[in-house]
Amino acid sequence: MKILIDTNIVLDVFLKRQVFFEESLDCVQAIFQANAGYITSTQTKDIFYFLRKHGISAQDAKIILQDFTREVFVLDVTSFDVRMALLSDMDDYEDALIAYCSLRCGMTHVLTRNTKDFANSPIPAITPTKFLETIANG
């Protein structure tokens, strides 16, 4: 199992977004326990931006990302990923970039709440609910 954790899941946890926090946290903890979590290098800038936008200081945002990146593998995004994302049928460029980087790096799934954005993805997207059901059923 190699799971790319979408930015929305990471932000659910870091910003404690109440509707999604518990389920996203359960997923992230399970992924950490299995040593199976990945993000792309481009996601770090997005996560940092949103942490700052929500009032977290630059220093605290850096510490949060430093701690997080000790628990997940950070995948480099290549020019090949950029070209594939730009040529893809996916409407959201950032999601396409994540999808093609995930494909190149052998991810099994992208964990996201926005599965519709990954409808044309070369990697299957899985919701937190479905992910937790899957690991509960072995």
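Read the figures in this text as sums done on the coordinates, not as results from a lab. What you are looking at is a predicted structure, and each value in this text was computed from that prediction instead of being measured. A quick note on method: Cβ atoms are made from the backbone with ideal geometry, for glycine too, and the neighbour counts reach across all protein chains shown.
So how strong a dipole does the range 3-136 carry about its Cα centre when Lys and Arg Cβ are +1 and Asp and Glu Cβ are -1, to the nearest 20 debye? If you can, show how the numbers build up before the last one.
Numbers: 12 positive and 18 negative charges, 53 e Å.
Around 260 debye, computed over the range 3-136.
Among Gln43, Ile63, Met1, which residue has its Cα positioned farthest towards the positive end of the charge dipole of the chain, with +1 placed on the Cβ of Lys and Arg, -1 on the Cβ of Asp and Glu, and the dipole taken about the Cα centre?
Among Gln43, Ile63, Met1, the one farthest towards the positive end of the dipole of the chain is Ile63.
Would you please name the trypsin sites (Lys or Arg not before Pro) within the range 38-124 that are DSSP coil residues with at most 11 other C-beta atoms within 10 Å of their C-beta?
Details: sites: Lys45, Arg52, Lys53, Lys62, Arg70, Arg83, Arg104, Arg113, Lys116; in loops: Arg70, Arg113.
For trypsin sites (Lys or Arg not before Pro) across the range 38-124 that sit outside H, G, I, E and B with at most 11 neighbouring Cβ atoms in 10 Å, the list reads Arg70.
Could you pull out every one of the lysines with an alpha carbon less than 24 Å from that of Lys116, ignoring same-chain neighbours closer than 8 positions?
Output for Lys116: Lys2, Lys16, Lys45, Lys130.
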